[in-house]
Amino acid sequence: MEITKKQLIEAIQDISAKIDALNARISTQDQQISELSSQNSQLKQKNQDTLDQIKEYIEELEQIRNHYVDSNNRTG
């Protein structure tokens, strides 16, 4: 079976259109990955900030508890 010049040109154009579509899709995905990476970094930092705040609260609660334990020991 012989392939005509017209069929070859159509096949090349079809492949070219598919490549363009794939490149556009890849570009969109790259942008989404970049945005998600940035969001992930922000979430990690917020989580670390929250953990640090919880640690501070725990330390404060331990100080309060120790104060009351010491107060009760002195009065008891």
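Read-outs throughout are calculated quantities, based only on the coordinates presented, and are distinct from any laboratory measurement. Since the structure is predicted, the reported quantities are computational estimates derived from the model, not experimental observations.
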Across the chain, what fraction of all alpha-carbon pairs, as a whole percent, falls in each successive 10 Å bin from zero upward? 15, 16, 13, 12, 11, 10, 8, 6, 4, 3, 1
Using Cα springs under 10 Å in a Gaussian network model of the chain, which residue among Ser37, Ser27, Ser16 shows the largest mean-square fluctuation? Ser16
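Please work out how many pairs of lysine residues in the chain are eight or more positions apart (or on different chains) and have Cα atoms closer than 30 angstrom. Spell out each step's value before the answer.
Numbers: Lys5/Lys18; Lys6/Lys18; Lys44/Lys55; Lys46/Lys55.
Count of close lysine pairs: 4.
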If the chain between Glu56 and Arg25 were fully stretched, how many nm would it gain, using 0.36 nm times the residue separation less the Cα-Cα distance? 6.5 nm
